[in-house]
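What follows is calculated from the coordinates using simple rules that are stated; it is not laboratory data. The structure presented is a predicted model; accordingly, all values stated were derived computationally and were not measured. Cβ: placed from backbone, ideal geometry, glycine included. Neighbour counts: every protein chain shown.
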């Protein structure tokens, strides 16, 4: 599946995993400064350069990605990459 990868810190990822529960009527958002040109289905997160998992994307209104915490899928021993700002395309 095609996705984009975000490098962030553990506190932000913990917030996304806990506070966007569809069962509570909540959603999570990630704002983008530029929209992907390719079709993407997943929003991957990396902490200290290591890919930790992904969320399934619900919708993508212009400038943001909407997803729910329940879709979090951890990746055991994810790939280690050089961190960068912004986002990059990522295919597991």
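The antiparallel fraction among DSSP beta bridges confined to the chain stands at about 75%. Put simply, the chain fits an ellipsoid with semi-axes of 19, 16, 12 Å; these come from the alpha carbon gyration tensor as the roots of five times its eigenvalues, largest first. For the residues 62, 29, 44, a GNM of the chain with alpha-carbon springs under 10 Å puts the largest fluctuation on 62.
Using just its DSSP H runs of length 4 or more, each adding -39500 (n - 2.57), the chain gives a mean residue ellipticity at 222 nm of -3000 deg cm²/dmol after division by all residues. For the chain, the relative contact order is 39 percent, taking Cα pairs closer than 8 Å that sit 6 or more residues apart in sequence and dividing their mean separation by the residue count. With the cut-off at under 15 Å, measuring from each backbone N in region 54-92 to a point 7 Å along the Cα-to-Cβ line of residue 1 picks out 54-60, 66-76, 90-92. Between 80, 66, 37, the residue with the greatest mean-square fluctuation in the GNM of the chain (Cα pairs under 10 Å linked by springs) is 37. Picking from 65, 40, 12, which is most flexible by a Gaussian network model of the chain using Cα springs under 10 Å? Per the Cα network of the chain with a 10 Å cutoff, 12 tops the list.
Here the gap between residue 26 and residue 10, fully extended at 0.36 nm per residue and compared with their Cα-Cα distance, gives a gain of 3.7 nm. You can think of it this way: the chain between residue 34 and residue 66 has 10.0 nm of extra reach, that is 0.36 nm per residue less the Cα-Cα gap.
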